[in-house]
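Step one of this worksheet: look at the structure below.
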Amino acid sequence: MSLMGWEALSRWGDDVARIEPLAGGVANNVWSVRVRGRLAVGRLGKRSDADLAWETELLQYLDREGLTVPVPIPTADGQLFADGLVVMTYVEGGPPQTEADWRRVADTLRRLHRLTAGWPQRPGWRSSTDLLHAETGTRINLGAMPPEGVARCRAAWARLVGRPSCVVHGDPNPRNIHMTAGRVGLIDWDESRVDVPDLDLVLPHNAAGLDGVVHDIAAQASAAWEAAVCWDDEFSIKRLAQVRAV
């Protein structure tokens with residue numbers, strides 16, 4: 001029997017409880033939860049099982065390789081998700097504050113990219129260069145954007161053609177980075193996919209040390225992606241304005 005919504009939390013055992021809502025992405029309902037006596041995070045969304053299998057397997061792999069990420073906590077019968085609900089370990093830490101902090105973030109993102117060269121694409125997703133020919137992919141629908149905006153986005157993405165690809169985190173903003181003195185944790189992998197790694201490296205202080213042309217290509221492609229992925233809210237309209245006219 002399929003359980004609806006948060007009722008699926010009972011699949012993790014008898015002593016589970018929702019505590020309070022957390023600031024999460026627009027696509028999901030994210031709460032702190034208590035599972036088997038420890039603090040964890042529950043995320044309820046509408047992603048397919050194939051999409052969630054890709055994400056949870058990726059997080060398990062990155063954890064085994066020594067990256068600090070939320071690790072899926074299995075249900076009582078060993079499933080990594082149930083009815084759109086994923087329960088993950090809570091990652092302690094605060095956001096990057098200094099240029100040195102952001103350099104540590106850049107190093108961590110580059111480790112992610114090295115570890116995932118050749119990774120298969122997330123089911124249903126498109127990379128930025130796929131969108132030169134495709135109209136849709138998970139949360140993107142170019143048909144909803146003004147044609148002139150689509151032309152500008154595609155011109156920005158066209159400059160990435162031929163670059164090697166890997167898993168990108170997809171949204172390395174300060175809220176999704178939980179740092180301590182000893183490690184850099186990356187949370188909220190909801191936007192992760194296979195794409196060109198430089199899209200993750202447009203960071204404050206140019207902490208990844210991208211040279212002028214490379215930084216410009218990455219910044220334009222990243223602005224175009226963020227415009228397309230959440231069109232048409234205030235943020236996406238602002239991001240599109242930063243993509244140069246063709």
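Figures for the structure shown
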read-out	value
Options Gly185, Gly209, Gly162; residue that is touching a residue at least 40 places away in the same chain (Cβ under 8 Å) and over 29 Å from Thr89 (Cβ atoms)	Gly209
Verdict on Ala151 being in the same structural domain as Asp107 (by TED's automatic domain parsing), assigned to a helix (DSSP H, G or I), in contact with a helix residue (DSSP H, G or I) (Cβ under 7 Å, 6 or more places away or on another chain) and of a type outside the set (Phe, Trp, Tyr)	no
Any strands (runs of 3 or more DSSP E) falling wholly within segment 1-102 and containing at least 3 residues that are closer than 18 Å to Ile187 by Cα and without any contact (Cβ under 8 Å) to a residue 60 or more places away in the chain	29-35, 38-44, 85-89
Members of segment 9-52 that are surrounded by 16 or more Cβ atoms within 10 Å (Cβ to Cβ), among the small types (Gly, Ala, Ser) and modelled with pLDDT of 95 or more	Ala40, Gly42
Selection status of Leu160, at pLDDT 95 or above and part of a helix (DSSP H, G or I)	no
Filter pass, Leu112 being touching a residue at least 60 places away in the same chain (Cβ under 8 Å), under 16 Å from the mean Cα position of the chain (by Cα), surrounded by 14 or more Cβ atoms within 10 Å (Cβ to Cβ) and not in a loop (DSSP other than H, G, I, E, B)	yes
Candidates Trp125, Trp31, Trp102, filtered to the one that is out of contact with any Cys (no Cβ under 8 Å at 6 or more places or on another chain) and within 27 Å of Arg18 (Cβ to Cβ)	Trp31
Flag for Leu62 being in contact with a strand residue (DSSP E or B) (Cβ under 7 Å, 6 or more places away or on another chain) and closer than 21 Å to Asn176 by Cβ	no
Flag if Val167 is over 20 Å from the mean Cα position of the chain (by Cα) and farther than 23 Å from Ile237 by Cα	no
Flag for Leu80 being closer than 21 Å to Ser32 by Cβ and either at pLDDT 95 or above or acidic (Asp, Glu) (or both)	yes
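Okay, residues lined up against (1) in contact with a Ser or Thr (Cβ under 9 Å, 6 or more places away or on another chain); (2) closer than 21 Å to Ala117 by Cβ; (3) surrounded by fewer than 23 Cβ atoms within 10 Å (Cβ to Cβ):
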site	(1), (2), (3)
Ala155	no, no, yes
Pro164	no, yes, yes
His178	yes, no, yes
Leu186	yes, yes, no
Asp198	yes, yes, yes
Ala207	no, no, yes
Gly212	no, no, yes
Asp216	no, no, yes
Ala219	no, no, yes
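The values are calculated or read from the model by the stated rules, or taken from the named source; none is laboratory data. As the structure is a computational prediction, the values presented were derived from the model and not from experiment. Cβ: placed from backbone, ideal geometry, glycine included. Neighbour counts: every protein chain shown.
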